[in-house]
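Encoded as structure tokens, the structure appears first; notes follow it.
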Amino acid sequence: MRLLNLLRPLLATVAFMAAAAGASAADFKDGLDYNTVNGPRPETGKKVEVLEFFMYHCPHCNALDPVLADWVKKNSDKIVFKRMHMGDDAQAKAFYTLEAMNITNLHEKLFYAIHVERNRLNTDAALLDFLVKNGVDKAKYLEAFNSFGVQTKLKRAQQVATQYKLDSVPALVIDGKYTTSPAVAGHGLTSPAAAHVAMFAVVDSLVAKSLQERAGKK
């Protein structure tokens with residue numbers, strides 16, 4: 001009996017995953033599984049932009065990150081993937097500074113340091129020390145850190161989050177028109193794995209819908 005009780009949550013998750021994987025776009029509802037927003041369609045040619053809003057200190061963002069990375073790789077022929085760090089804290093500024101420097105190999109290391117090694121990295125000084133130890137040129141980092149461009153990126157991210165009516169992370173914006181997240185698509189689910197499956201089922205349908213919309217406008 002105890003074994004059955006332990007297996008029930010797992011069996012429920014597996015059943016949900018199977019159902020979500022077989023769902024079609026018609027099965028998802030605006031206002032329930034995703035939200036339609038009034039944003040400009042990104043100039044990404046034939047591909048659909050998928051924009052992630054995240055924060056490094058967010059445990060839900062950390063849990064989603066490797067799953068999202070796998071999904072992005074599998075759908076690289078259909079999408080253009082981008083990230084924005086929500087907020088105006090030290091980690092957000094570090095993210096946009098690294099982006100300005102075209103440094104992309106420290107994203108996973110930052111998550112690992114914060115969530116596994118329990119290094120909070122919540123000040124400019126702590127982040128600078130960590131990044132320099134991981135090969136970032138201190139002088140070039142500080143130059144970018146203090147630049148007008150990074151300040152502009154910080155302000156722009158807050159404006160875009162407001163435009164898309166986002167107040168929590170992680171969240172995905174599909175083609176500037178639809179938003180969803182594990183919390184929205186997985187409404188009521190307590191298993192992160194099941195919520196992720198629910199979200200990607202919705203995202204797949206929205207990407208397909210956006211591709212059709214783009215094709216129809218040509």
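General observations
- Screening region 131-170 for residues that are buried (at least 19 other Cβ atoms within 10 Å of the Cβ) and free of Cβ contacts under 8 Å to residues at least 40 places away in the same chain and picking the one that is nearest to Ile114 (Cα to Cα) gives Leu131.
- With respect to (1) at pLDDT 95 or above; (2) assigned to a helix (DSSP H, G or I), the lone exception for Val136 is condition (2).
- Every residue from region 91-110 that is in contact with a helix residue (DSSP H, G or I) (Cβ under 8 Å, 6 or more places away or on another chain), within 17 Å of Asn146 (Cα to Cα) and either modelled with pLDDT under 95 or part of a loop (DSSP other than H, G, I, E, B) (or both): Met101
- Among the residues of region 56-76, those identified as touching a residue at least 24 places away in the same chain (Cβ under 8 Å), within 25 Å of Asp204 (Cβ to Cβ) and outside any helix (DSSP H, G or I) are Cys58, Asn75.
- Restricting region 193-218 to residues that are under 18 Å from Glu43 (Cβ atoms) and not hydroxyl-bearing (Ser, Thr, Tyr), the residue that is surrounded by the fewest Cβ atoms within 10 Å (Cβ to Cβ) is Lys218.
Here is a yes/no grid of residues against (1) touching a strand residue (DSSP E or B) at 6+ places or on another chain (Cβ under 7 Å); (2) more than 18 Å from Leu172 (Cβ to Cβ):
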residue: Lys74; (1), (2): no, no
residue: Lys78; (1), (2): yes, no
residue: Lys82; (1), (2): yes, no
residue: His85; (1), (2): yes, no
residue: Ala90; (1), (2): no, yes
residue: Leu98; (1), (2): no, yes
residue: Met101; (1), (2): no, yes
residue: Asn105; (1), (2): no, yes
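- Set Leu110, Leu206: member being touching a residue at least 24 places away in the same chain (Cβ under 8 Å) and in contact with a strand residue (DSSP E or B) (Cβ under 7 Å, 6 or more places away or on another chain): Leu206
- From Asn102, Asn119, residue being farther than 15 Å from Asn62 by Cα and either polar (S, T, N, Q) or in contact (Cβ under 8 Å) with a residue 60 or more places away in the chain (or both): Asn102
- Set side by side, the residues Thr190, Thr179, Thr152, Thr162 differ, and just one is assigned to a helix (DSSP H, G or I) and under 26 Å from Ala63 (Cβ atoms), which is Thr162.
The values are calculated or read from the model by the stated rules, or taken from the named source; none is laboratory data. For clarity, every value in this text was computed on a predicted model and none was experimentally measured. Methodologically, a virtual Cβ is constructed for each residue, glycine included, from the backbone with ideal geometry; neighbour enumeration extends over all protein chains shown.
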